[in-house]
Amino acid sequence: MAVTPIFPPDRVTIVGVLNLTPDSFSDGGRLLRAGGAPDLQAALDAARALVAAGADVLDVGGESTRPGAAGVPAELEIARTRPVIEALAKELRAPLSIDTRKAAVAEAALAAGARVVNDVSGLRHEPALARVAAAAGATLVLGHLRGEPATMQREVQFGDVVAEVAAELAESAAEARAQGFRGELVADPGIGFGKRLAHSLALLANVGELRAKLGLPVLVGPSRKSFLGELTGDPVDARDLASAVACGIAVFAGADAVRVHDAGAARRAVALGAALRAARRASA
Ligand code: HH2
């Protein structure tokens, strides 16, 4: 029996961000109690608001991967994310995603009801993550990241950024298959992950080329990232307009999915980007 994809080819998927971290760059600490445990009611309210605003998938994270962030042990990531995934899986129909680079965290989240594993390291941190996703029949999102979040902005060097990111994502996809993964794969160029402004812009503008090179659906995550601040001068808490515009343009350029904090703004921008993309095809 064919399994319904979570990222279907005929519509743009909006992934809403639910960070259960004290230190995420734009929304850290919002969903944790004073002692550091997740605030289940706050998380449920935030999840419902994201879905009501247009999110199709909710991406739950327990470790910040912002530039310079120190990693946290798997046990702490699990303590932050598992209870929330359990509670959300009971209450909501939207598929849940776990944003982690670690197999143990993915395993706990999948057992609690998650259906997507979002690995910003593209299996470079722990290749065994693909085996865990395969065993659970989960969808796997492979991100592009050279090195570790703690050091990724120190030495950023690309010649042809689109070609190099495509080649390295193809290696991640090959690794997934070598680990026995046969399910739904999604690629993500890792906007802001070891990239400078020009790299993030080139990847967003040429996402259609990336998609064609890989033969995979492509998710992009420009939301609130520093390249938007560099362009607009907006501080991190005022970047939702620029984030939505970036999403709309990325969809026009070929993106299949966007990962955002403000799902309502993104939904509107994505509707426009998708309509323009369809119109361009229709008149070509
Ligand atoms: N960006 C972040 C985290 N996870 N996953 C994918 N697939 N693509 C992305 O671009 C991406 C991601 C970073 O954003 P955020 O979760 O807001 O911040 P932090 O890592 O500080 O928690």
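The table for this structure:
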{"item": "Rule-of-thumb Rg ratio for the range 22-77 [Cα; 2.2 N^0.38 Å; N residues]", "result": "1.21"}
{"item": "Options Gly208, Val84, Gly35, ranked by Cα towards positive dipole end of the chain, top entry (Cβ charges)", "result": "Gly208"}
{"item": "Residue order for Asp39, Asp256 - accessible surface, 1.4 angstrom probe, largest first", "result": "Asp39, Asp256"}
{"item": "Normalised contact order of the chain, rounded percent, pairs of Cα under 8 Å and 6 or more residues apart", "result": "18 percent"}
{"item": "Rg/Rh (Cα only; Kirkwood hydrodynamic radius) as it applies to the range 123-186", "result": "1.02"}
{"item": "Cα-projected label distance for Leu231 with Glu91, points at 7 Å along beta-carbon direction, nm", "result": "3.5 nm"}
{"item": "More than 24 Å apart - percent of Cα-Cα pairs taken over the chain", "result": "45 percent"}
{"item": "Span-rule helices in the chain, defined as complete DSSP H runs reaching 15 Å or more along the axis (Cα) with Kyte mean at least 0.5", "result": "40-53, 161-178, 240-253"}
{"item": "Extent along principal axes [Cα atoms of the range 39-126; Å; largest to smallest]", "result": "34, 25, 22"}
{"item": "Solvent-accessible ranking of Ser172, Ser283, largest area first, probe 1.4 Å", "result": "Ser283, Ser172"}
{"item": "Reachable lysines, given that their alpha-carbon falls under 25 Å from the alpha-carbon of Lys213 and they are not under 8 places away in the same chain", "result": "Lys195"}
{"item": "Solvent-accessible area, 1.4 Å probe, carbon plus sulfur percent, for the chain", "result": "55 percent"}
{"item": "Mean-position separation - Cα centroids, the range 262-280 and the range 150-220, in angstrom", "result": "22 Å"}
{"item": "Nearest-20 debye value, the range 55-207 charge dipole, Cβ charges on Lys, Arg, Asp, Glu", "result": "100 debye"}
{"item": "Debye log10 I(q)/I(0) for the range 162-284, one point scatterer per Cα, at q = 0.10, 0.11, 0.20 Å⁻¹", "result": "-0.32, -0.38, -1.10"}
{"item": "About the Cα centre, charge dipole magnitude for the range 13-283 (Lys/Arg +1, Asp/Glu -1 at Cβ), debye", "result": "560 debye"}
{"item": "Accessible area in square angstrom per residue, the chain, 1.4 angstrom probe", "result": "43 Å²"}
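The values are calculated or read from the model by the stated rules, or taken from the named source; none is laboratory data. Treat the numbers as computed from the prediction; the structure is a model and nothing was measured. All Cβ positions, even for glycine, are placed from backbone atoms using ideal geometry, and neighbour counts span all protein chains on display. Just so you know, the surface numbers come from the protein's heavy atoms only, side chains and all, with ligands and any DNA or RNA stripped out. Shrake-Rupley method; radii C 1.70, N 1.55, O 1.52, S 1.80 Å.
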